[in-house]
Structure formats: structure tokens, C-alpha cells
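Participant: Dumping the structure here so I can ask a few things about it.
Read the figures in this text as sums done on the coordinates, not as results from a lab. Note that this is a predicted model, so its numbers are computed, not measured. Note: ideal-geometry Cβ built from the backbone for every residue, glycine included; neighbour counts use all protein chains shown.
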Amino acid sequence: MPAFLLKGTERTIMYKVGTKLVEAAEEIEKLKNIPRDTFIRAVCDAIAGAYRKKMKLLPTDSINVQHDEEAGELGIFVPKTVVQNVTDEVREIALAEALEYIPDVVEGEILELDVTPDDFAEFGRIAASTAKQIMTQRIREAEKLNLKDEFESKKHSTIAGTIKRIEYTIRGQPNVVVDLGNFDVHIPMKFQLPRENYKVGNRIRVFILEYREDRRVPMIIASHTHEDLVKELFEIEVPEIEDHTVEIRSIAREAGQRTKIAVMSTSDDIDPVGACIGARGSRIQNVLSELRNEKIDIVRFSDDPVDYISNALSPAEILTVALFDDEEGKRAEVTVAADQLSLAIGRGGQNVRLAAKLTGWKIDIKELAGSAVSDEESDADENLEEEDFEEESVDLETKEEAVAEASAE
């Protein structure tokens, strides 16, 4: 194969590609969000890899593939040492031949020569396959880097998108893929709302949770059940939260069913609960529509644990709250009237369980002159029956309508 000097001299045989490479790079940039220069560099590296394999060069051998966008040319250049007698044609050039190009060249000097083949078809099938593999790998690495950058800029934030497709794992579990514009996110089953019917094309707002690289194709995981999703929705709908006039102090959520949110105001002129609800419930209604009408209780935060626990157990009316800080930790014994016991506990123990999460106190509820029912007992059994509270003689199922009505209020 003839050798020629680096482009800039009279003897070069760079390969004409015209504008095709640039056009392909621009198309990839639109489709994959991969910068044009990154794609062109990947093509050049792929060609270098193919040439290295064809010429059986070592990994330490330098190969430089250049793209001249203005001229629309590609060229392969390798360094060769000027020697008196050539023993390695791949890495050396004879002094007599080099003098034809550079009159003052001396032995031992290194020249970078154009070794572009007359026809790229000379690379052969194996060389072309190598180029394709290298290029595919580079594009995949660029996509991976772009995805990670997108995650770093959007992590722990709420973004609206469109459901793109529903995938199923080998166990048959649905995985919801959401298109957020520049990238896709995946919502595994454990981060989906229970009983929610996800359909392709539906708009959805998700919380960007984590970036996973523990598989062949990295992905961004989003959640539709995270507590911070509720928080960000209120920040969007309530200007007082955005300007820090109203603060969200705590959130307890059982996704798809019920959420309790504790708020406070930094100004005596602002009612934090009213600000979150809005005129005629306009603000909270927008949040509810995003959460598929999940029940939301907005309670007033207080530095006084007694007031805070009483507020957290709404809509039940609390008679007394006794606080204990012993070997069992922070514990509160709450007394309610007989007709308020089912409201305080909630269906399946949900109300007392959420109140405990919201306040950070272990809560035991007892009927006036009756025995106690704790939030731990409520956690242990999601489907409470009448016999669970024989001493109080309270049938939760018969008071379901009262609980639902009070929660909605």
C-alpha cells in the first residue's frame, strides 16, 4: 500500500465522503440526543479500529483518523519512523522515499503518513464488522452518558410525561415506560399505584427516583407512589409553599388510598390549611386529579406534641393525650369517646397508622374507660374484623360510611 504525507502536502489520498457523514451525525443527534461531534468521533475511532485489525497492529500503535468537514473527506494517518533500511513496512519508511517528500528529513525522524486505502472496500467483511461493533459501543456509551446527565439534572423532582408503553417482566409484572421528552423512565410495579389502570398515551406526573446501571441497558427509575410526589404537587399548586410562607413539615402516605400532610405558616396572616385547600377546594382538587382522587388529610402542624397528635388523628375528636418517653420510645396514649373510636382508628387501622408516621410518635388509642388499641396492632392486621375489638364492641364495617364521609370532609 503506498504511503503519503499528512494532509497539507501535495500527496494525499483521503477518502471522499461528501456531506453524508455530517448529515448522518445530525440525524443521530435529533433521534438519540447524541452530539454531532461525538458521533463523528465514534465513526473515526471505528475506522481506526478496523484498520488496526486489518493491518494486525498492536494496541500501542498510534492511528489517527481525521475528518475534514469542509472538504468532505476522511483519512487514515499513522506515524512512521524514517530509517535507512526498512524492516517493518507498517511502522517504518525508507529515508530515500521520505527525502522525495521532505528534502531535509533525517534518519530517526517520525512522519505521520496518509495510509487511506484507495477503496474502503479493502477493509473487508471482518474489518467492516469491527468498525460496526466499535461504533455501536461508542453510541451506546454516549447514550448512557446522556441518560446519566439527564438523571443528575432531574433527580428527586416531579416531571410530567406520557405513557409510552407497558412492558412485562419474566414474572408477568407490568413495567410502565413513560416518555419525558429527552429520555424515558421506568415505573416498576412496586412504585405503581395499586388498582391504577395505566394506559398508553395517558398523561402522568412521576417522581424521578434513581439511576440503575446493574443491567445491560441502564435506566432511570421513577415512582408514582413516593411521598415527595405529593409534596411537589402542592408546591406547584400552592404559591405560599413556593415562597416559603407555608411550610410542609411532614407527609405520611399509603399510595392510592390516603395521605396525611402536616403544614404550618410562617405568617400569622396566612392559614396554612386554607392555603393548601384553596378557594372552594380548587388547589387541592388539582392535586387529587393527579393522584387519581387519593384521599388527602391536611392537618395543622404544632410544636406541642399533644396538639400535633390530636390534629393528626382527625377527623376524630380527641379527649386526652398522655405522652410517655420510656424504654419503648416516644409513646402517646390517646383517649376518645366511644362514637369516635372507629374514626380515630380508621378502616384497617389506616388513620392511626398514618398519624403515627406523620408525627413520629407511637400511638395507642383507647375508648374512654376501655382498653387500648395501638398503631402497631393496626399495622399487624390490614383487614380488621369486629372480634379484634370485642371489648370496645365497635364494628368498623358498619361504620364504613361514617369514616369515608369524615375522611372526604
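Participant: Enumerate the amide H contacts of THR225 below 5 Å, restricted to partners 5 or more residues apart or on another chain; note that Pro and chain-start residues carry no placed amide H.
Facilitator: Counting only residues 5 or more places away or on other chains, the set is empty.
Participant: Multiplying the sequence separation of ARG171 and ASP104 by 0.36 nm and subtracting their Cα-Cα distance, what value in nm do you get? Intermediate values should be presented prior to the final figure.
Facilitator: Working: separation 67, 0.36 × 67 = 24.12 nm, distance 7.32 nm.
Gain on extension, ARG171 to ASP104, equals 16.8 nm.
Participant: Further question on the same structure: Of the peptides 246-256, 140-150, how do they stack up when ordered by the mean number of other Cβ atoms within 10 Å, highest first?
Facilitator: Highest to lowest by the protection proxy: 246-256, 140-150.
Participant: What distance in nm separates the simple spin-label points at SER289 and GLU333, each placed 7 Å from Cα in the Cβ direction?
Facilitator: For the pair SER289/GLU333, the computed spacing is 4.9 nm.
Participant: Based on the Cα coordinates of region 226-301, what is the per residue volume of their convex hull in Å³? Intermediate values should be presented prior to the final figure.
Facilitator: On the way: hull volume 5.7 nm³, N = 76.
Here the figure is 75 Å³ per residue.
Participant: Quick one: Karplus J couplings for region 260-265, per residue in order, coefficients 6.51, -1.76, 1.60, θ = phi - 60°, nearest Hz, x for Gly and Pro?
Facilitator: My calculation for region 260-265 gives 10, 10, 9, 10, 9, 10 Hz in order.
Participant: Treating each Cα of region 155-224 as an identical point scatterer and ignoring solvent, apply the Debye formula and state log10 I(q)/I(0) at q = 0.12 Å⁻¹.
Facilitator: Log10 of I(q)/I(0), two decimals: -0.27.
Participant: Give me the distance in nm between label points sitting 7 Å out from Cα along the Cα-to-Cβ direction at GLN84 and SER62, one decimal.
Facilitator: Those two pseudo-labels are separated by 2.6 nm.
Participant: Something else: What are the ³J(HN,Hα) couplings of region 79-89, residue after residue, when phi is run through the Karplus curve with 6.51, -1.76, 1.60 and θ = phi - 60°? Round to Hz, x for glycine and proline.
Facilitator: Values per residue, Gly and Pro as x: x, 10, 8, 6, 10, 6, 10, 6, 10, 9, 5 Hz.
Participant: Given LYS144/LYS164; LYS30/LYS199; LYS32/LYS164; LYS295/LYS357, which pairs have Cα atoms separated by over 24 Å?
Facilitator: Distance filter (> 24 Å) returns LYS30/LYS199.
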